[in-house]
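FYI, it's all coordinate maths here, none of it is from the lab. Remember, predicted model here, so these are calculated numbers, not experimental data. Cβ placement follows ideal geometry from the backbone for every residue including glycine, while neighbour counts extend to all protein chains displayed.
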Ligand code: COA
């Protein structure tokens, strides 16, 4: 059995006075465990290499915290944290290590919107998307346009999904935004990439999160972690109105564990744009095809109580770890929780099932 025994989630927002190593140190020191018992540290980070010219972040953190164990770096766009967790889980499950830390960290706000947007675009297909200037808001804008057209849905449903996220974030003291949204806010919200307005997007965020996973101990069981991949470019997908990698990973997870969506009590999912939340409901099989947008707008399931990426914030390389840490800290006894984390427009997805 693999168990999560400890966690740390920083405040999400803007921290001009802290760099990537400071944030990582904060997370490691924020854990309650005895660091002498840790065998390895798995570090997820997306943009340190591009924005800070740091491609050995793990070793830099190792120097700072003075831990004489291997530190591994994982970079897989917005799923860097999910990837680090997946590899850490496999290492404990296989017996390679007994107890490890998984850490996800990102710093985005030191840079201009243009610089961050360009760095994020490193997660797109270079020839077919990046060179055409397609930002992630533009790519998800295309997906949203097609979804709304195909299922004849109103854009206002996306407003409701964002309102739900901001409303939940009010009760999360670590969230970036503590601001309730009203219908009228969407009339004033600037268009980022049609049909998506600023209030349909996750923000730029600094933050860090960590969990400890172990072969034994008190905590929350990691029942299973599954992953799946799809093409990098949207143009090579069968459909741009679903996240197929999430659907494949979830189906593998449900089959392997015998637990399906209807048996899961709490979800933390990758709502990088409000339209993604609608699609993920369908790909996790919470909702029928074409129904995810209504179900999310009606807040039909227990999804993203943290405020999600939209309102808790999206420090890209930290998000996958934060989702799992948040479930660990908030699941009730005798319940299941599921985290879904993905890269780019869904070229890679990780789904993690926890049981308390
Ligand atoms: N939701 C709600 N409010 C937001 C916000 C968001 N996503 N982004 C910024 N704000 C707020 C800011 O707090 C600021 O408020 P203030 O005037 O009260 O201080 C205001 O809006 C303007 O902020 P600013 O920093 O100028 O925004 P921006 O124009 O630089 O960036 C986006 C806004 C939406 C374009 C940017 O956050 C974005 O591109 N998000 C997507 C990130 C992304 O692609 N991630 C990867 C996903 S795959």
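So here's what we get for this one:
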{"read-out": "Percent of Cα-Cα distances greater than 24 Å, calculated over segment 93-238", "value": "53"}
{"read-out": "With Cα atoms, 0 to 90° folded angle of helix 274-283 axis to the chain main axis", "value": "80"}
{"read-out": "Alpha-carbon radius of gyration plus Dmax, which is the widest Cα pair, for the chain in Å", "value": "18.8, 57"}
{"read-out": "Segment residue 198-residue 22, extension gain: residue separation times 0.36 nm, minus the distance between their alpha carbons", "value": "60.4 nm"}
{"read-out": "Cα-based shape type of segment 50-104, given that a ≥ b ≥ c are square roots of the gyration tensor eigenvalues and the cut on a/c is 1.5", "value": "oblate"}
{"read-out": "Relative intensity, log₁₀ I(q)/I(0), of segment 232-351 from a Debye sum that treats every alpha carbon as a point, q = 0.10 Å⁻¹", "value": "-0.27"}
{"read-out": "Stretchable slack from residue 149 to residue 229, in nm (0.36 nm times residue separation minus alpha-carbon distance)", "value": "26.2 nm"}
{"read-out": "Percent of Cα pairs exceeding the 16 Å cut-off, where the set is segment 192-303", "value": "68"}
{"read-out": "For segment 26-123, radius of gyration divided by Kirkwood radius, i.e. Rg to Rh on alpha-carbons", "value": "1.00"}
{"read-out": "Estimated FRET transfer efficiency (residue 59, residue 330; beta-carbon r; R0 45 Å; 0.05)", "value": "0.85"}
{"read-out": "Inter-label distance, nm, simple model (7 Å from Cα along the C-beta direction), residue 178/residue 118", "value": "3.6"}
{"read-out": "Alpha-carbon centroid distance for the pair segment 306-356 / segment 197-267, whole angstrom", "value": "7"}
{"read-out": "Virtual paramagnetic centre 7 Å along Cα→Cβ of residue 299, amide N under 16 Å, in segment 170-210", "value": "170-173, 178-183"}
{"read-out": "4 °C / 1.567 mPa s Stokes-Einstein diffusion coefficient of segment 173-223, Kirkwood radius on C-alpha pairs, µm²/s", "value": "86"}
{"read-out": "Cut-off 17 Å (backbone N to label point 7 Å along Cα→Cβ of residue 131), residues of segment 225-246", "value": "232-236"}
{"read-out": "nm² value of the averaged projected area, convex hull over the Cα atoms of segment 142-181", "value": "3.3"}
{"read-out": "Relative contact order (percent, whole number), the chain, Cα cutoff 8 Å, 6+ residue spacing", "value": "27"}
{"read-out": "Computed over segment 277-356: relative contact order in percent, which uses C-alpha pairs under 8 Å that are six or more apart", "value": "18"}
{"read-out": "Contact order normalised by residue count of segment 222-314, Cα under 8 Å, 6+ apart, percent", "value": "26"}
{"read-out": "Value at 222 nm in deg cm²/dmol, rounded to 500, when DSSP H runs of n ≥ 4 in the chain each add -39,500 (n - 2.57)", "value": "-10500 deg cm²/dmol"}
{"read-out": "Alpha-carbon Debye profile of segment 205-261, log10 I(q)/I(0) at 0.13, 0.19, 0.22, 0.30 Å⁻¹", "value": "-0.56, -0.89, -0.94, -1.12"}
{"read-out": "Three-way shape label, segment 304-356, alpha-carbon gyration tensor, a/c 1.5", "value": "oblate"}
{"read-out": "Difference of contour (0.36 nm per residue) and Cα-Cα distance, residue 263 to residue 288", "value": "7.4 nm"}
{"read-out": "Helix 156-169 vs. the chain, principal-axis angle (Cα, 0 to 90°, nearest 10)", "value": "30"}
{"read-out": "In degrees, nearest ten, helix 80-93 long axis to first principal axis of the chain (Cα)", "value": "40"}
